[in-house]
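Report on one structure; see the data block that follows.
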Amino acid sequence: MTAVAENPTIDPLPTAGLAVVGAGVRIPLVTGEEVDYANFDYAASAPCLTAVRDVLGDALPYYASVHRGAGFHSQVSTAAYERARRTVAAFLGARDNDAVVFVRGTTDALNLLARSIPDQCTVVVFAGEHHASLLPWQHRGSRAGRVVRLPLPESPAAAVEAAREALRSAPEGPRLLCVTAASNVTGEIWPVEELTAVAHAAGARIAVDAAQLVPHRRFSLEDTGADYVAFSGHKLYAPFGAGVLAGRTDWLQAATPYLAGGGATGNVTEDDVRWNDLPARHEAGSPNVLGAVALAAACDALTAAGQEALHAREQALLDRLRAGLAAVPAVRDLSLWDAGHPRVGIVSFVVDGLPSDLLAAALSAEYGIGVRDGLFCAHLLTRCLLPEGHAQAVRASLGLGTTEEHVDRLIGAVAELAARGPRWEYEDDDGRIAPVPDGRGFPDVLPGTPA
């Protein structure tokens, strides 16, 4: 087991509210030991901030359905819901006339946008997109326009030029460029401002998938000039089922609601339906009030702490991790561009001679380290970056709960596993690699239900 760093050099979190719920939880290993859980799966879902938990505790006694209730609780919940909308708008640097629509997450947001763009709109995307921003455009039914999928660019400058040429040569009519702000596979940050300028110069719009960026760095619609942005609360330390699509109103206002139902309707007769204006037009059903409140609380906590300071802390941890992994001869990391390109706290890698699913299982069972293995819902990008002989990769992603000890434990564990392999036996268990025997047991987080 790797020793804890005796002389920490990474700055502590600036406020107690930025601690994550579950920090310091002890978990069992197959060896019979217990360790603090080292979570390196923030890019999939980040844990809840204590500040978010506290706000939810205050809101829960007043929870009720919003917008249509005369009761006191409904009015309190409505006020909290709309205040959450204003908070998220400020967090995103939204312009005065931008809409902020609460949805379930980034996938939901971009599917909503895909069903709101004008008929026969040309959509330009890169092959390296997450499935949430790659797939919705080609599933629009009879209204579908042309989808132009660009190959992976060799550099940020090449990405800008490829987008320029694709938009310039697209048919006349509405055009949309969709791009990720930070890769969920490599963490590399894409040139959003330059791509926005290219899109606007061609008379096109741009939608930004900021799911992996906003937990790490500030994003502003006004500063970048982007037309739309989407992100998920469960990646922003508010894992309660809310996300956001924010941006220009005209396409959204003109579109038939993505979901038809209560809240989206202004009036229903036997012969006709009059739909509400934004944002209610695309928030049918009973809105996720607590999810929106939690999301706003996370935005408030990150803003108050100063994302620049948080970025500096994360960068120090990321540098430590990348340097440590680079010192292990069998490790090869996945990068689209050069090693010095700016990135958020994500590292994907393989270990020669060790399948990634076995590596991930051993890190968990023998070291108490949680990583993600697979193709990360970005199959085209990940497969393109994988070295020969590897079918999948391991992803380690950092967040506010990451410590130096976690980073050093991961580096040491990977080095040990690369050198001698797992200490335990493992076998396939319904498609997942599991230790045998596995005597750890799991806590019953929902008492009273059958196992």
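The values are calculated or read from the model by the stated rules, or taken from the named source; none is laboratory data. No experiment lies behind these values; they were computed from the predicted model shown. Note that each Cβ is placed from the backbone with ideal geometry, even for glycine, and that neighbours are counted across all protein chains shown.
Looking only at region 80-103, residues that are within 14 Å of residue 236 (Cβ to Cβ) and in a loop (DSSP other than H, G, I, E, B) come to 1 in all. Residues considered: 53, 115. Of these, the only one that is closer than 23 Å to residue 279 by Cα, surrounded by 15 or more Cβ atoms within 10 Å (Cβ to Cβ) and within 26 Å of the chain's Cα centre (by Cα) is 115.
Quick check: is even one residue across region 146-154 modelled with pLDDT of 95 or more and either assigned to a helix (DSSP H, G or I) or among the polar types (S, T, N, Q) (or both)? Checked region 146-154: no residue is modelled with pLDDT of 95 or more and either assigned to a helix (DSSP H, G or I) or among the polar types (S, T, N, Q) (or both).
So that you can scan it fast, the table gives a plain yes or no per residue for (1) crowded, with 18+ Cβ neighbours inside 10 Å; (2) closer than 27 Å to residue 440 by Cα; (3) not assigned by TED's automatic domain parsing to the domain that holds residue 312:
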{"position": "328", "(1), (2), (3)": "yes, no, no"}
{"position": "346", "(1), (2), (3)": "yes, no, no"}
{"position": "352", "(1), (2), (3)": "no, no, no"}
{"position": "382", "(1), (2), (3)": "yes, no, no"}
{"position": "385", "(1), (2), (3)": "yes, no, no"}
{"position": "395", "(1), (2), (3)": "yes, yes, no"}
{"position": "398", "(1), (2), (3)": "yes, yes, no"}
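Going through (1) at pLDDT 95 or above; (2) more than 22 Å from residue 113 (Cβ to Cβ); (3) within 18 Å of the chain's Cα centre (by Cα); (4) not basic (Lys, Arg) one by one, residue 229 falls short only on (2). Which of the residues belonging to region 44-79 are in a helix (DSSP H, G or I) and basic (Lys, Arg)? Across region 44-79, the qualifying residue is only 53. Residue-level check: of (1) more than 14 Å from the chain's Cα centre (by Cα); (2) closer than 27 Å to residue 47 by Cα; (3) not aromatic (Phe, Trp, Tyr), residue 208 misses just (1).
All of 25, 21, 30 fail the test of being in the same structural domain as residue 426 (by TED's automatic domain parsing) and either among the basic types (Lys, Arg) or touching a Cys at 6+ places or on another chain (Cβ under 8 Å) (or both), apart from 21. Among the residues of region 209-233, those that are of a type in the set (A, V, I, L, M, F, W, C), out of contact with any Gly (no Cβ under 9 Å at 6 or more places or on another chain) and within 17 Å of residue 103 (Cβ to Cβ) comprise 210, 214. For region 68-86, the condition holds for no residue, the condition being that it is of a type in the set (D, E, K, R), under 19 Å from residue 204 (Cβ atoms) and within 24 Å of the chain's Cα centre (by Cα). For region 39-64, the tally of residues that are within 23 Å of residue 304 (Cβ to Cβ) and free of Cβ contacts under 8 Å to residues at least 12 places away in the same chain stands at 2.
Of the strands (runs of 3 or more DSSP E) entirely within region 254-372, those holding at least 3 residues that are under 23 Å from residue 102 (Cβ atoms) and over 26 Å from the mean Cα position of the chain (by Cα) occupy 265-268, 273-275. Filtering region 370-378 for residues that are in contact with a Pro (Cβ under 8 Å, 6 or more places away or on another chain), surrounded by fewer than 22 Cβ atoms within 10 Å (Cβ to Cβ) and hydrophobic (A, V, I, L, M, F, W, C) leaves an empty set. Only one of the numbered conditions (1) without any contact (Cβ under 8 Å) to a residue 40 or more places away in the chain; (2) surrounded by fewer than 24 Cβ atoms within 10 Å (Cβ to Cβ) is not met by residue 219, and that is (1). Is there a residue in region 434-449 that is closer than 26 Å to residue 47 by Cα and surrounded by 21 or more Cβ atoms within 10 Å (Cβ to Cβ)? Within region 434-449, one or more residues are closer than 26 Å to residue 47 by Cα and surrounded by 21 or more Cβ atoms within 10 Å (Cβ to Cβ). Here residue 65 clears all of (1) buried (at least 19 other Cβ atoms within 10 Å of the Cβ); (2) under 30 Å from residue 280 (Cα atoms) except the condition numbered (1). For region 176-230, enumerate the residues that are within 14 Å of residue 106 (Cα to Cα), among the aliphatic types (A, V, I, L, M) and not in a loop (DSSP other than H, G, I, E, B). Listed by number, the residues that qualify are 179, 182, 207, 208, 229, 230.
Of the residues that make up region 321-340, is at least one closer than 30 Å to residue 128 by Cβ and hydroxyl-bearing (Ser, Thr, Tyr)? For region 321-340, residues closer than 30 Å to residue 128 by Cβ and hydroxyl-bearing (Ser, Thr, Tyr): present. Pairing residues of region 101-114 that are under 15 Å from residue 251 (Cβ atoms) and at pLDDT below 95 with residues that are of a type outside the set (A, V, I, L, M) and part of a strand (DSSP E or B), at Cβ distances under 7 Å and at least 6 apart in sequence or on separate chains, gives no pairs at all.
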